[in-house]
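In what follows, a structure is listed as structure tokens, so that the remarks can point back to it.
The values are calculated or read from the model by the stated rules, or taken from the named source; none is laboratory data. Because the structure is a prediction, the values reported are computed rather than measured. Positions of Cβ are generated from backbone atoms using ideal geometry, with glycine treated the same way; all protein chains shown enter the neighbour counts. Note: areas computed on protein heavy atoms with side chains; ligands, DNA, RNA excluded. Shrake-Rupley method; radii C 1.70, N 1.55, O 1.52, S 1.80 Å.
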Amino acid sequence: MSAPLASLKILDFSTLLPGPFASLLLADMGAEVLRIESPTRLDLLRVLPPHDGGISASHAYLNRNKRSLALDLKQPEALEVVKQLLADYDIVLEQFRPGVMERLGLGYEALKAINPKLIYVSITGYGQTGPYKDRAGHDINYLALAGLASYTGRADSGPLPLGMQVADVAGGSLHGVIGLLAAVIARQQTGQGTHLDVSMTDCAFSLNAMAGAGYLACGEEPEWEEQMLNGGSFYDYYRSRDGRWMSVGSLEPGFMQQLCTALGRPELAAQGLSPKPEQQRALKYALTVEFEKHDFAELCEMFAGIDACVEPVLSLSEAVRHPQLQARELVTQVPRDDGTTQAQMACPLKFFEALPAPRHVGAALGQHTDQVLAELGFSAERIAELRASKVIL
């Protein structure tokens, strides 16, 4: 199939995770993404371990299918390059704190004057307005302020640091892509661009889908291990005899019956429907005892052939070998400059006809500078002058 987003051309000024993950999804679906990178300021993603062949695996993944143009945005000549790019690249993605792009002469109003159809997506921790708009933050801070951490954890030890960046990715990246594509559709209808203000804290707050709805409508404040889905019921993780873990989500009666029957305790199933906390605690204790009677491999075999909503907690090395993930082709081989390939997570979005194969891993800093400038009509002599004056790398 032709790539569904092949008509989109995006200037990506973002670094680290939220913006690059958003533009990765867009690039995988065919958008032409040109990263505008500083030749003087280090992007931590480029040096983040682990490394494969001297290249950060995270950078190689998050920046695949994108080109890199190294520009010192503090120099006037660099601004002229960006302005010329806006004739074709009519979507901007940026992740600076509010006001930074304006000080560089690259704010929405300045660029909109050049291209009124410009779609300008700003992803920040706290948004473009409010008392925290200039405050520094990371994923753990956004989850804390959004209320999510107040009921995600254990009653005896408090909130848990999650292994993946929920506010960054589910908040910033995914909402950024949704908003960007909505703006593209609106532009097709009106001919006008817009400025999208994506706050990772705002979007994380919206992820309080059930707990937030319950509090706002009914005043019910969720707490650790007090709700059905946060450890307050049998819906939880259980340790095997050999120290591995199984996930149990057997909420419906039929699944609960299969769970308890498989463990040899069918009489426990009636407790699964009880709303009484004491019965849930008793059931949870009974299940803990039963799971600890069996080794992990035995439990995997026990539940493999039945629909009980019980699955093993897999390591990443086990997950990539799982037959379901393999059948869904969630690992792909991406070309490197030396002719070899690197294994990476594939685009999870499945179209009836397959997306185009990945073109290349994340580019070296400024790898496409000469190519991009030549496409804009810059002569070899002018490119050499810009490089000599350190406008480009």
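If only the Cβ of Lys and Arg carry +1 and only the Cβ of Asp and Glu carry -1, the dipole of the range 236-323 around its Cα centre is close to 220 debye. Here the spin labels are modelled as points 7 Å beyond Cα on the Cα-Cβ line, and at Asp52 and Leu349 they lie 2.2 nm apart.
Here Leu216 and Arg239 are evaluated by their C-beta separation; at R0 = 41 Å the FRET efficiency comes out at 0.70. Given a Förster distance of 56 Å, report the FRET efficiency between Gln188 and Asp338 from their Cβ-Cβ distance, rounded to the nearest 0.05. Taking R0 as 56 Å, the efficiency between Gln188 and Asp338 is 0.85. Using alpha carbon centroids, what distance separates the range 364-383 and the range 223-293, in Å? Distance between centres, Cα-based: 61 Å. Of the listed residues Arg35, Arg41, the order by accessible area with a 1.4 Å probe, largest first, is Arg41, Arg35. Sorting the segments 313-322, 11-20 by their mean number of nearby beta carbons within 10 angstrom, highest to lowest, gives 11-20, 313-322. Of the residues Gln324, Ser240, Asn230, the one whose Cα sits farthest toward the positive end of the charge dipole of the range 230-371, with +1 on the Cβ of Lys and Arg and -1 on the Cβ of Asp and Glu, is Asn230. Label-to-label distance for Leu42 and Glu298 is 5.1 nm, based on points extended 7 Å past Cα in the beta-carbon direction.
Overall, the range 271-384 carries a charge dipole of about 300 debye about its Cα centre when +1 sits on the Cβ of Lys and Arg and -1 on the Cβ of Asp and Glu, all other atoms neutral.
For the range 335-341, backbone phi angles converted through the Karplus equation (6.51, -1.76, 1.60; θ = phi - 60°) give residue-by-residue couplings of x, 10, 4, 8, x, 8, 10 Hz, Gly and Pro being listed as x.
Among the listed values (i) 0.96; (ii) 1.17; (iii) 1.02, the one matching Cα Rg over 2.2 N^0.38 Å as calculated from this structure is (ii). Note on Arg382 and Asp134: the extension gain reaches 85.5 nm, defined as 0.36 nm multiplied by sequence separation minus the Cα-Cα distance.
Under the classification rounded if a/c is under 1.5, otherwise prolate if a/b is larger than b/c and oblate if not, where does the range 48-138 fall, given a ≥ b ≥ c as square roots of the Cα gyration tensor eigenvalues? Oblate. The simple Förster model, with R0 at 35 Å and r as the Cβ-Cβ distance, assigns Ala374 and Glu109 a FRET efficiency of 0.70. Each Lys and Arg Cβ is given +1 and each Asp and Glu Cβ -1; about its Cα centre, the chain then shows a dipole of about 720 debye. Between Glu329 and Ser317, the modelled label-to-label distance comes to 2.7 nm, taking each label 7 Å out from Cα in the direction of the beta carbon. In the context of the full set of protein chains, residues of the range 81-194 present 48 Å² of accessible surface per residue (probe radius 1.4 Å, heavy atoms only).
From the residues Ala31, Leu299, Leu365, which one has its Cα farthest along the dipole of the chain in the positive direction, the dipole being from +1 and -1 charges on Cβ of Lys/Arg and Asp/Glu about the Cα centre? Of Ala31, Leu299, Leu365, it is Leu365. Using a/c under 1.5 as the rounded threshold, could you call the range 236-323 rounded, prolate or oblate? The axes a ≥ b ≥ c are square roots of the C-alpha gyration tensor eigenvalues, and prolate needs a/b larger than b/c, oblate otherwise. Prolate. Rounded to the nearest 500 deg cm²/dmol, what is the calculated helix-only ellipticity per residue at 222 nm for the chain, with -39500 (n - 2.57) per DSSP H run of length n ≥ 4? Estimated from H runs of four or more residues: -9500 deg cm²/dmol.
Within the shell defined by Cβ-Cβ distances under 11 Å, the residues around Gly172 carry a net charge of -3, with Lys and Arg each +1 and Asp and Glu each -1.
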